[in-house]
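A short reminder: the numbers here are calculations on the coordinates, not readings from a lab. Here the structure is a predicted model, which is why all the values come from computation and not from measurement. So basically every Cβ, Gly included, is an ideal-geometry build from the backbone, and we count neighbours across all protein chains shown.
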Amino acid sequence: MLKIYKDNSDDLGFVIGCLFSQAINLSEFRLWVDSVIEKLPADLIPNYMFDLAGFDGHLFEISKIIGFVSSSKLSNDEKVSLSAIAYLRGADVYDPPVTKEEALKALERNPNILERFKSTFPFIKLD
């Protein structure tokens, strides 16, 4: 079961962390939301997922739409690993938490993050 609910939002938090770190863009975020809506039975889809499907605002507004701050349970080093994925995808990372080299080293220490990224976003191909 996807963890996208207030009491267990680990998957939603991971995806939002990917968005904030620029590992994915807003269009890819919406693709993920669409895939969640397609997978879940209608009665299990939180209303905010429908709002996120058409989201085109400022990133800080996402928590307002959801109604809570999602949690990814990622360590700081794992969060830095998300920046490495952004770099690998060719993003011009705005205000990075560390250098590109440090981010890539963090990703080497956390291969689980790359695997989770690939399984969460199967529609994104990484070289």
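Put in order of Cβ neighbour count within 10 Å, fewest first, the listed residues 78, 102, 38, 108 become 38, 108, 102, 78. Placing dummy labels 7 Å off each Cα toward the beta-carbon, the span from residue 99 to residue 71 is 3.5 nm.
Report the net charge of residues surrounding residue 53, where surrounding means a beta-carbon distance below 14 angstrom and charges are Lys +1, Arg +1, Asp -1, Glu -1. After counting each charged neighbour, the total is -3. Only Lys, Arg, Asp and Glu carry charge here, each on its Cβ (+1 for the first two, -1 for the last two); on that basis the range 1-42 has a dipole of about 60 debye about its Cα centre. One chain, two ends: residue 112 and residue 125. Fully extended at 0.36 nm per residue, the span grows by 3.0 nm beyond their Cα-Cα distance. Using alpha carbons only, the radius of gyration of the chain set against its Kirkwood radius gives Rg/Rh = 0.96. As a rough footprinting exposure proxy, the listed residues 92, 10 were ranked by other beta carbons within 10 Å of their own, and the order from fewest upward is 92, 10. Here the simple spin-label model places points 7 Å from the Cα toward Cβ, and for residue 59 and residue 47 these points are separated by 2.8 nm. Extension gain, residue 1 to residue 26, is 6.6 nm, computed as 0.36 nm per intervening residue step minus the present C-alpha separation. The trypsin sites (Lys or Arg not before Pro) of the range 69-127 that meet both conditions, a loop assignment by DSSP and at most 13 other Cβ atoms within 10 Å of the site Cβ, are 73, 125.
Sorted on the mean count of surrounding Cβ atoms within 10 Å across their residues, most packed first, peptides 23-30, 49-56 read 23-30, 49-56. With a simple spin-label model that places each label point 7 Å from the Cα along the Cα-to-Cβ direction, the separation between residue 10 and residue 91 comes to 2.2 nm.
Ranked by how many other Cβ atoms sit within 10 Å of their own Cβ, fewest first, the residues 120, 99 fall in the order 99, 120.
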